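As structure tokens, the structure follows; a few thoughts come after it.
The values are calculated or read from the model by the stated rules, or taken from the named source; none is laboratory data. This is a predicted model, so every value here is computed, not measured. Reconstructed Cβ throughout: ideal geometry from the backbone, glycine too, with neighbour counts over all protein chains shown.
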Amino acid sequence: MSISSCSVNNLTMAMWTIRPSSRKFLLVGVSYAIHSNQHNRILPSSVLVRSKHATTSATRSNRLTFINIHDRIHHHRRNRFALTIPCAIAGPRRKSSSAGVEHAGGKNPFEKIYMQGIAKTLIRDGDVMEEVDLLGRVVEEDAGADKVEDSEKAKGVEEEAWRLLNKAVVNYYGSPVGTVAAKDPSTGNSLNYDQVFIRDFIPSALAFMLKGESEIVRNFLLHTLQLQSWEKTVDCYSPGQGLMPASFKVRTVALEANSDKFEEFLDPDFGEAAIGRVAPVDSGLWWIILLRAYGKITGDYELQKRTDVQTGIKLILNLCLTDGFDMFPSLLVTDGSCMIDRRMGIHGHPLEIQALFYSALRCSREMITVNDASKNFIRRINNRLSALSFHIREYYWVDIKRINEIYRYKTEEYSHDAVNKFNIYPEQIPSWLLDWIPDNGGYLIGNLQPAQMDFRFFSLGNLWAIVSSLAIPRQAEGILDLIEQKWDDLVAHIPLKICYPALEHEEWRIITGSDPKNTPWSYHNGGSWPTLLWQFTLACIKMGRPGLARKAIALVEDQLAADNWPEYYDTQKGKFVGKQSRLYQTWTIAGYLTSKLLLENPELASILTFDEDIELLERCSCNLKKNSQRIKCSRQAAKSRHI
């Protein structure tokens, strides 16, 4: 490489270095000059830059370019992002080491920078700009002021979020009992968004507890427990006694006619008024999960030991553990029985319900008081945990290797040793999946039934499988790997897609019944739900990858507040506020706050999650059967995959 330098004033010397090959520009020289008129101080006068991508003859002729620092520094200080590289040395002034532009008071701005120990210039190529020191090293810009500004902005967003969350609190006889689903002043028809939903209150409860405010959570747990025993009927039929309500509302009635005295009461909805009249299966599961979290965070374990609370736990689980016709340990439910509370083709054994069911079983096993009366109940819990964990890990997990196995499945197998146990037809593998699934990573499918696999990615089920350790560590890592590699699909502008991909065209018409709210890439059909951020954060912290959560939070830090905290976002990339999205949605606000608090207190995140329970794989109900000749258990063959 030929080296040239600018001779300036009395003496010039050159110092050379090669920039890393990954950069678009190479800083190949810095010219120094001894300035006799400034007490023989050695100051740099120019830098020599060579473009890496100069390919044409015209560009090659201008490959070596001097940037006169003295001429450019004032421009840089006034407009730090407007500096460009001159194409050629033009005129002796560019080589000059004169004092250049001076500020008021006669002080040279460059000398001021140099005396602080760093002389910098900016090198720009299109939209890429770097700051380099005199040895050609990239200098990280002093972002102190920017960080302070960002910190102040984030603090302002958090303060607004807390103000809105406190404003959403519902009181019952003067005591807080929950938060409404939304307080949107832009609409006059609140529908049921003015009610307290059990599933919606979970992130609000965590936010309050992580901040040290637990009264509202204790009140919520006890009052919803009382509602469990209420009579609930739909067309003269009553569901099981342990069913928890989807929501409740505080209502007032006059004690006497023409009296100014009123009485408050809680009016629950068990699904009788819900769209589709579907019982909320997930409500009881979330209640148990919140009960454990309350004890872990506050240290108030006495609440769990109360007789009415112990009875409430058992009533909920009795509904789930009741024997039926099903051959699978997974919980059989109808469409719309969880967060996706409209027809979306999730009837059967949806992953979201299984992950919550597994988590509730593990929570209950911790909280149920062990005595002679409860031993049989705990045994039932352990057997179901063992069977459920194996079933989900073995049959719901897909990665590129597993999909290739399904692709080669033989069908119509009739034997105890069948490989294709559920008679899945390879033609069910959707075309989008073959190109979408990465070489590294995988996920738990959305549903599994005889001759049917729902290959859609459902965020809540996969994230809660990580949190509860329903997914083994290798699978949990694979899920986060998939989210990271498919960030543009699953996160994009707003985290996080409730499911991916959306149902479209004829599939949408058949499965949703042409639901006008669940149109493609809207609401439950591929919409982006910011409330899922707190569960994503919890999963990332558990797996030692909080950076992913911070990256997701950074996307919404300003956006959510600017958009008035919407319920969900539409379009494939989540660019638009949902067409029927409620604003000031409480669990959007609470999900953001909980995510921030969890990242600030990762040790608290650890007590909300579960570690792997190796003993579950050892407990197999097959081994407890006396007549085991007919039972063919595949667990031993597959066991090595899960340890």
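Observations, loosely collected:
- Qualifying residue in segment 252-260 (condition: acidic (D, E) and without any contact (Cβ under 8 Å) to a residue 40 or more places away in the chain): yes
- Yes/no for D417 being among the charged types (D, E, K, R), assigned to a loop (DSSP other than H, G, I, E, B), in contact (Cβ under 8 Å) with a residue 40 or more places away in the chain and surrounded by fewer than 18 Cβ atoms within 10 Å (Cβ to Cβ): yes
- Which listed residue, of I346, I353, is outside any loop (DSSP other than H, G, I, E, B) and on the phi < 0 side of the Ramachandran plot: I353
- So D260, is it out of contact with any Pro (no Cβ under 6 Å at 6 or more places or on another chain) and either at positive phi or surrounded by 13 or more Cβ atoms within 10 Å (Cβ to Cβ) (or both): no
- Segment 287-299: number of residues that are closer than 12 Å to L222 by Cβ and surrounded by fewer than 16 Cβ atoms within 10 Å (Cβ to Cβ): 0
- Residue check: K375 meets all listed conditions (1) free of Cβ contacts under 8 Å to residues at least 24 places away in the same chain; (2) within 22 Å of A465 (Cβ to Cβ) but one, namely (2).
- Complete set of residues in segment 481-503 that are surrounded by 22 or more Cβ atoms within 10 Å (Cβ to Cβ) and either over 21 Å from M339 (Cα atoms) or outside the structural domain of I614 (by TED's automatic domain parsing) (or both): L482
- For segment 504-519, the set of residues classified as outside any helix (DSSP H, G or I) and either outside the structural domain of P530 (by TED's automatic domain parsing) or in contact (Cβ under 8 Å) with a residue 24 or more places away in the chain (or both) consists of G513, D515, K517, N518, listed by residue number.
- The requirement of being modelled with pLDDT of 95 or more, in a helix (DSSP H, G or I) and among the polar types (S, T, N, Q) is satisfied by S364.
- Only a single criterion out of (1) at pLDDT 95 or above; (2) touching a helix residue (DSSP H, G or I) at 6+ places or on another chain (Cβ under 6 Å) is not satisfied by R343, namely (1).
- Hits in segment 323-339 - residues which are part of a loop (DSSP other than H, G, I, E, B) and in contact (Cβ under 8 Å) with a residue 40 or more places away in the chain: F328, P329, S330, L331, T334, D335, G336, S337, C338, M339
- Count - residues of segment 367-376 that are in a helix (DSSP H, G or I) and either modelled with pLDDT under 95 or surrounded by 21 or more Cβ atoms within 10 Å (Cβ to Cβ) (or both): 2
- Within segment 438-452, residues that are not assigned by TED's automatic domain parsing to the domain that holds N423 have Cβ atoms under 6 Å from residues that are outside any strand (DSSP E or B) in no pair, counting only partners at least 6 apart in sequence or on another chain.
- Enumeration of residues in segment 270-316 that are in a helix (DSSP H, G or I), closer than 19 Å to E231 by Cβ and not hydrophobic (A, V, I, L, M, F, W, C): S283, G284, D308, T311, G312
- Residues in segment 475-500 that are of a type outside the set (A, V, I, L, M, F, W, C) and either within 19 Å of L560 (Cα to Cα) or without any contact (Cβ under 8 Å) to a residue 40 or more places away in the chain (or both): D488, H493, P495, K497.
- Exactly one residue out of L351, L385, L361, L356 is under 15 Å from M453 (Cα atoms), aliphatic (A, V, I, L, M) and touching a Leu at 6+ places or on another chain (Cβ under 7 Å): that is L351.
- Any hit, segment 204-223, residues being closer than 22 Å to M339 by Cα and either modelled with pLDDT under 95 or outside the structural domain of Q559 (by TED's automatic domain parsing) (or both): no
- Residue count for segment 173-221, restricted to those that are under 22 Å from E263 (Cα atoms) and either without any contact (Cβ under 8 Å) to a residue 24 or more places away in the chain or part of a loop (DSSP other than H, G, I, E, B) (or both): 6
- Segment 423-455, residues that are of a type in the set (S, T, Y) and within 15 Å of E394 (Cα to Cα): Y443
- Within segment 392-414, considering residues that are aromatic (F, W, Y) and not in a loop (DSSP other than H, G, I, E, B), the one farthest from P329 (Cα to Cα): Y407
- Where a residue in segment 232-251 is assigned by TED's automatic domain parsing to the domain that holds E263 and its partner, wherever it lies, is surrounded by fewer than 11 Cβ atoms within 10 Å (Cβ to Cβ), with Cβ under 7 Å and at least six apart: S238/E231
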